[in-house]
Amino acid sequence: MKKPIIVDNTIRIPSQEEFLPDVDSFIEGILRGFGTDETTIADIAICVTELVNNSIIHGNKSDPDKEVAVEIGKTDSVVEITITDEGTGFDIEHLESPIDEQNLLKEVGRGIFIVRSLMDRVDVKFLKDGTRVTIAKKI
Amino acid sequence: MNLTDFIKDGVAVLQPKGKIMGGPDATILHEKLHECVENGNKKVIIDLAKVEWMNSTGLGILISGLTTMRNNGGELKLANVTDKIQSLLTITKLVTVFEAHDSVDEAIASF
């Protein structure tokens, strides 16, 4: 069975949700090394697991032969994390609002809304062979 | 995430512990909620005191539990909502959907 691979500041996982805790541990460990406070670590961990979930399920359609890569870095006091999958992406500007009255009881559809609420910056880039989401937050 | 549960005064109390982020861990809570319905427990409390954080998968499970209980004539309430989860409930306006109490005993007494 394929397993997560960590090289420097990047973790690559097969597209299976069982590897989410590996991504979380990796990201939280590096953030603690940066001296990040626990509240900010939780915010970033929520967003990273949110986006990796999206990449696994919607991007790579849970195909274990496809990978999700998560890379973390810091410039000055800003942490930047990129999540790259092999899917065709999504239109971040035309998602239904989960806080509209008629959507409040839906079980899904809050992920990107939460990420945009908790992070300082969210960018989506469509690549030739995948989608890359970059999030950034001042720590 | 780990999950313990018990019955007190006829109310099923579920106590997840850790992080609710999706994958197999989240399935455990989802299945336990449906087990409550199958066992005829119409009063359920989820005690969030030991949940470090959850993402939208966790919120989706709470919503699923709430609607499942209500569709079966029951009710699901929250207890000991941490600051982190409270902020998520506020951001997503789910604070208007869930009834939350400061303790399990208070939540039980509210039924």
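The values are calculated or read from the model by the stated rules, or taken from the named source; none is laboratory data. These numbers come from a predicted model, not from an experiment. All Cβ positions, glycine included, derive from the backbone under ideal geometry; neighbour counts span all protein chains shown. Protein only, heavy atoms only, side chains kept; ligands, DNA and RNA dropped before computing areas. Shrake-Rupley method; radii C 1.70, N 1.55, O 1.52, S 1.80 Å.
Using only side-chain charges placed at the Cβ, +1 for Lys and Arg and -1 for Asp and Glu, the dipole size of the protein assembly as shown relative to its Cα centre rounds to 40 debye. Other protein chain C-beta atoms within 10 Å of residue C-beta, averaged over B:48-59: 5.
Take the accessible area of chain A alone and of chain B alone, subtract that of the pair, and you get about 2000 Å² summed over both chains, using a 1.4 Å probe. The 3J(HN,Hα) values that the Karplus relation (6.51, -1.76, 1.60; θ = phi - 60°) gives for region A:103-113 are, in residue order, 9, 4, 9, 6, 7, 10, x, 9, x, 5, 4 Hz. Gly and Pro appear as x.
A crude spin-label estimate for the pair residue A:9 and residue B:86, with each label 7 Å from Cα along the Cβ direction, gives 3.5 nm. Using just its DSSP H runs of length 4 or more, each adding -39500 (n - 2.57), chain B gives a mean residue ellipticity at 222 nm of -12500 deg cm²/dmol after division by all residues. Run the accessible area of region A:10-122 with a 1.4 Å probe and give the carbon-and-sulfur part as a rounded percent. The nonpolar share, carbon plus sulfur, comes to 47 percent. Were the residues from residue B:38 through residue B:106 laid out at 0.36 nm apart, the gain over their Cα-Cα distance would be 22.0 nm. Contact order for chain B, expressed relative to its length and based on alpha carbon pairs under 8 Å spaced 6+ residues apart, stands at 26 percent. Report summary: the helix-based calculation at 222 nm, which adds -39500 (n - 2.57) for every DSSP H run with n ≥ 4 and divides by the residues of chain A, gives -9000 deg cm²/dmol. Compactness ratio for chain A: Cα radius of gyration over 2.2 N^0.38 Å (N = residue count) comes to 1.02.
Inter-chain Cβ neighbour count for A:43-55, averaged per residue, equals 4 (cutoff 10 Å, partner chain atoms only).
The label-point distance for residue A:90 and residue A:63, in a model that sets each label 7 Å from Cα toward Cβ, rounds to 1.9 nm.
Per-residue packing, averaged as other Cβ atoms within 10 Å, sorts the ranges B:95-106, B:75-86, B:19-30 into the order B:19-30, B:75-86, B:95-106, beginning with the highest. Across the protein assembly as shown, Cα-Cα pairs more than 23 Å apart make up 51 percent of the total. One quarter of the convex hull surface built on the alpha carbon atoms of region B:2-109 amounts to 5.9 nm², the projected area averaged over directions.
Spatially, region A:72-139 and region B:18-39 are offset by 26 Å when compared through their Cα centroids.
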